[in-house]
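Student: Pasting a structure below so you can have a look.
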Amino acid sequence: NQAWNGKVAKHKAPHILALIQRTNRLSFWIASLLLWQSNATSRLKMLNKLLNVAQALREINNFNSLMGIVAGLSMAPINRLKNTLNSLERKPQEILEKLQVLLNPTSSFKNYRSDLHNVRGPCLPYLGTYLSDLTFMEDGNPDTVANPDGGAPLINFTKRELVNSVVLEIKLYQQCSYGIAVRQPLHAFLEALPFSDDPDLYSLSLLREPRAAAK
């Protein structure tokens with residue numbers, strides 16, 4: 001019933017809502033890390049480091065956090081930093097391009113879904129595709145169908161089977177954990193993830209690379 005979209009989402013789907021907010025927060029943190037660097041050398045160094053982290057996340061099949069990083073690097077305040085992006089060497093540039101192709105939303109994330117279904121071992125899928133699928137199934141299929149005998153409408157079991165297939169796939173990826181030990185103070189920092197908001201990010205972007213410099 002798309003509980004994560006309702007006014008009482010924090011009560012009906014707190015964990016889903018928390019993961020959505022976590023991914024969004026991660027994206028803003030990524031953009032902030034780059035724009036907090038006051039000079040081009042520091043920004044390039046940070047960008048390279050973030051791409052190494054993104055590649056490591058891909059290797060351990062943490063697609064949800066990977067999406068947060070790629071989304072952060074695709075935000076308008078970052079995307080306009082042509083001087084910084086064009087300074088990447090070939091290898092990190094290839095990493096960025098491959099990850100952007102992997103997580104391209106075209107054809108309902110076709111590339112990502114293909115890779116996901118070939119994963120072995122621990123995996124954290126990108127939650128957004130499942131929520132989109134469930135929304136499409138919920139909105140595109142009626143709860144009941146006509147009774148051929150003319151009686152009361154019948155439960156649309158085809159719709160329930162579609163929803164169940166998504167839930168079963170999510171549960172499949174919950175069967176194998178990473179087993180990563182909590183390390184402080186790193187854990188506390190990653191829980192907080194301080195960031196600048198949208199207007200501040202764009203102002204910083206213009207400060208780091210004024211419009212005239214981007215031409």
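The values are calculated or read from the model by the stated rules, or taken from the named source; none is laboratory data. The model shown is predicted, which means the values in this text are computed figures rather than measured ones. Note that each Cβ is placed from the backbone with ideal geometry, even for glycine, and that neighbours are counted across all protein chains shown. Calculation scope for accessible area: heavy atoms of the full protein, side chains included, ligands and nucleic acids excluded. Shrake-Rupley method; radii C 1.70, N 1.55, O 1.52, S 1.80 Å.
Student: In region 110-128, which residue that is of a type in the set (Gly, Ala, Ser) and either in contact with a helix residue (DSSP H, G or I) (Cβ under 8 Å, 6 or more places away or on another chain) or at pLDDT below 95 (or both) is least open to solvent (accessible area, probe 1.4 Å)? Step through it out loud before you land on a result.
Tutor: Keep residues of region 110-128 that are of a type in the set (Gly, Ala, Ser), which gives 114, 121, 128.
Next cut, either in contact with a helix residue (DSSP H, G or I) (Cβ under 8 Å, 6 or more places away or on another chain) or at pLDDT below 95 (or both) only: 121, 128.
Details: GLY121: 47, GLY128: 19 Å².
It comes out as GLY128.
Student: Something else about it: Which residues, taken from region 57-95, are open to solvent by 50 Å² or more (accessible area, probe 1.4 Å) and part of a helix (DSSP H, G or I)? Quick ask: steps written out before the conclusion?
Tutor: First, the residues of region 57-95 that are open to solvent by 50 Å² or more (accessible area, probe 1.4 Å): 58-60, 74, 76, 79, 82-83, 86-87, 89-91, 93-94.
Result: ARG58, GLU59, ALA76, ASN79, LYS82, ASN83, ARG90, LYS91, GLN93, GLU94.
Student: I would also like to ask the following. Determine the pairs where a residue that is farther than 28 Å from LEU81 by Cβ, located within region 177-202, has a partner that is surrounded by 10 or more Cβ atoms within 10 Å (Cβ to Cβ) with Cβ atoms under 9 Å apart, the partner being 6 or more residues away or on another chain.
Tutor: As it stands, the answer is SER177/PRO122; TYR178/ILE60; TYR178/ASN62; TYR178/PRO122; TYR178/LEU124; GLY179/PRO122, since those pairs meet every condition given.
Student: May I pose another question? Can you name every residue in region 19-54 that is open to solvent by 50 Å² or more (accessible area, probe 1.4 Å) and within 18 Å of ARG90 (Cβ to Cβ)?
Tutor: LYS45, LYS49, ASN52
Student: Moving on to the next point. So, of the residues in region 129-157 that are closer than 26 Å to TYR112 by Cα and of a type in the set (Val, Ile, Thr), which turns out to be least open to solvent (accessible area, probe 1.4 Å)?
Tutor: Start the filter on region 129-157 by keeping residues that are closer than 26 Å to TYR112 by Cα, which leaves 129-141.
Then drop every residue that is not of a type in the set (Val, Ile, Thr), which leaves 129, 135.
Details: THR129: 4, THR135: 37 Å².
Only one residue fits best here, namely THR129.
Student: Kindly provide the set of residues from region 105-128 that are within 11 Å of the chain's Cα centre (by Cα) and in a helix (DSSP H, G or I), ordered by number.
Tutor: If the condition is that a residue be within 11 Å of the chain's Cα centre (by Cα) and in a helix (DSSP H, G or I), then LEU127, GLY128 are the ones that fit.
Student: Enumerate the helices (runs of 4 or more DSSP H) found wholly within region 160-215, keeping only those where 3 or more residues are in contact with a helix residue (DSSP H, G or I) (Cβ under 8 Å, 6 or more places away or on another chain).
Tutor: By residue number, 198-208.
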